[in-house]
Amino acid sequence: MDTDAIRSDFPILERRINGRRMAFLDSAASSQKPVQVLDAMVDIYRNSYANVHRGAYTLSQEATEAYEEARHKVAVFLNAACDEEIIFTRSATAAMNLFAYGWGLNILKPGDRILTSVMEHHANIVPWHIIARHTGAELCYMELTDDYRLDMESARERFDERVKVVAVSGMSNVLGTMPPVDEIARLAHEVGAVLLADGAQLVPHAPVDVQTLGADFLGFSGHKMLGPTGIGVLWGRRELLESMEPAEGGGEMIRDVRLHESDWAQVPHKFEAGTPPFVEAIGLGAAVDYLSAIGMHAVLEHDRDLTGYALERLAEVPGLSVQGPADTVDRGGAISFDLEGIHAHDVATILDQEGVAVRAGHHCAKPLLRSLGLTASTRASFYVYNVAEDVDALVDALAVARRIFGLDGA
């Protein structure tokens, strides 16, 4: 990867924070946007803006073609069997809620089990709280090993005929852990369950082929993979999408409406009620073009190299403990840590003064942090535009934090 060329595509990286070169290390929360994505969205607004699927005039036809081309780009990116398997949503959270309500609410019943893991983002826990309450199904969890990986030995014991839905992250946004989705899918299918994979962190950082991943559904967002906010994707196997109920009703998602009943449109439109976020989808299509030009294998290798370097450098910081695998095997570039004697929010505030942007808090994963004995942690996360210099800036800024709190022995 030519990181100098890549960085030149991101105008925001030229900013200086508090007079210092900015090291942006919060891409797990939301990534920065290259000019190619910004230009694609501005072009639609300037030259071809009109509502999609609804007009016989030129502007509407152009916008519709661009919107459906974005769907095709995402389908190719994931190696989906057809474009119709790509459902545009407003976010990864909306994608997982769409599945929970469209599938879980209509399929689950008392005695059934929903199996997820303790490392999940709230978006893959809270909807299941609601579904379990409405259906009488039981929510169960897979636990972690001491090295922050999914405990597959004990997990295997949880798969029986009562399990109907398995919902698991493809990559933890806190630990960086990448569970074996293919093995979990095999276990799920052996007992007749369907698997939803939360790909919010996985899809931006690793090659994903839904034909071999093993999951039945996959949700992810655009804003974590160089695209805009307000756009997400639910991929699902077409035969399962055909059998699902829509989670929202309104315009566009119907074939016919009568006074007392409606007939649904064909997939994907049956799940895209109302005016879709078509400009944002076009921006996501441009982000897919950008990542495809780099190559997702190159993206993954870059993340691993930078993560490995960061783990080595962070090991030099006294009193710092990392929550996550200690190596880069099946691990992504999200590194959460605790600096003894300093609260995570204080760490993040001091790092900002040094031009380093990191995340602090519970990372929308409160059950996970409680299991680790924490209320908050600091997280640094990497993407295609990050370089070793950003890691060095992080370590230098942590030294400043230790000095401010009188922890360096000076």
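The values are calculated or read from the model by the stated rules, or taken from the named source; none is laboratory data. From a predicted model like this one, the values you see are computed outputs, not experimental measurements. For neighbour counting, all protein chains shown are included, and Cβ atoms are generated from backbone atoms with ideal geometry for every residue, glycine included. Keep in mind that these areas ignore ligands, DNA and RNA; they rest on the heavy atoms of the full protein, side chains included. Shrake-Rupley method; radii C 1.70, N 1.55, O 1.52, S 1.80 Å.
Here's how it looks for Ile231: its modeled amide H is under 5 Å from those of Gly222, His223, which are all 5 or more places away or on a different chain. Between the helical axis of 126-135 and the longest alpha-carbon principal axis of the chain there is an angle of about 40 degrees.
3J(HN,Hα) along the range 51-56: 5, 8, 6, 10, x, 8 Hz, from the Karplus curve 6.51 cos²θ - 1.76 cosθ + 1.60 with θ = phi - 60°, whole Hz, x for Gly and Pro. Normalised by the number of residues in the range 1-125, the mean separation of alpha-carbon contacts (under 8 Å, six or more apart) gives a relative contact order of 11 percent. When both the range 1-77 and the range 111-127 are represented by their alpha-carbon centers, they are found 32 Å apart.
Quick one: grab the alpha carbon gyration tensor of the chain, order the square roots of its eigenvalues as a ≥ b ≥ c, and give me rounded if a/c is under 1.5, else prolate or oblate depending on whether a/b is larger than b/c. Here the chain falls in the oblate category. Summing charges over neighbours of Leu226, with a neighbour being any other residue whose Cβ is under 12 Å away from its Cβ, gives 0 when K and R count +1 and D and E count -1.
Legend: distances between Cα atoms for Lys33/Lys164; Lys109/Lys224; Lys224/Lys366; Lys73/Lys270; pairs beyond 27 Å are Lys33/Lys164; Lys109/Lys224. Pairs of alpha-carbon atoms within less than 8 angstrom and 6+ residues apart define the contacts here; what relative contact order does the range 205-297 have, in percent? In percent, rounded to a whole number, it is 29.
Indicate the gyration tensor shape class of the range 122-233 (rounded, prolate or oblate), computed on the Cα atoms with a ≥ b ≥ c the square roots of the eigenvalues: a/c under 1.5 is rounded; otherwise a/b larger than b/c is prolate and the rest oblate. It is prolate, given that a/c is not under 1.5 and a/b is the larger ratio. Rounded to the nearest 10 degrees, the angle from helix 181-190 to the longest Cα principal axis of the chain is 40 degrees. Among the protein heavy atoms of the range 39-197, carbon and sulfur supply 49% of the accessible surface, probe 1.4 Å, non-protein parts ignored. What the range 188-285 shows is 35 Å² of accessible area per residue, with the surface traced by a 1.4 Å probe over protein heavy atoms.
Solvent exposure of the range 301-410, expressed per residue, is 41 Å² of accessible area, with all protein chains present and a 1.4 angstrom probe. Expressed as a whole percent, the accessible area of the range 198-298 that falls on carbon and sulfur atoms is 50 (1.4 Å probe).
Mean sequence separation of contacting Cα pairs (under 8 Å, at least six apart), scaled by the length of the range 277-401, corresponds to a relative contact order of 27 percent.
Against the chain, whose longest principal axis comes from its Cα atoms, helix 278-294 is set at around 50 degrees. Principal semi-axes of the equivalent ellipsoid, √(5λ) from the alpha carbon gyration tensor of the range 1-93, are 32, 18, 12 Å from largest down.
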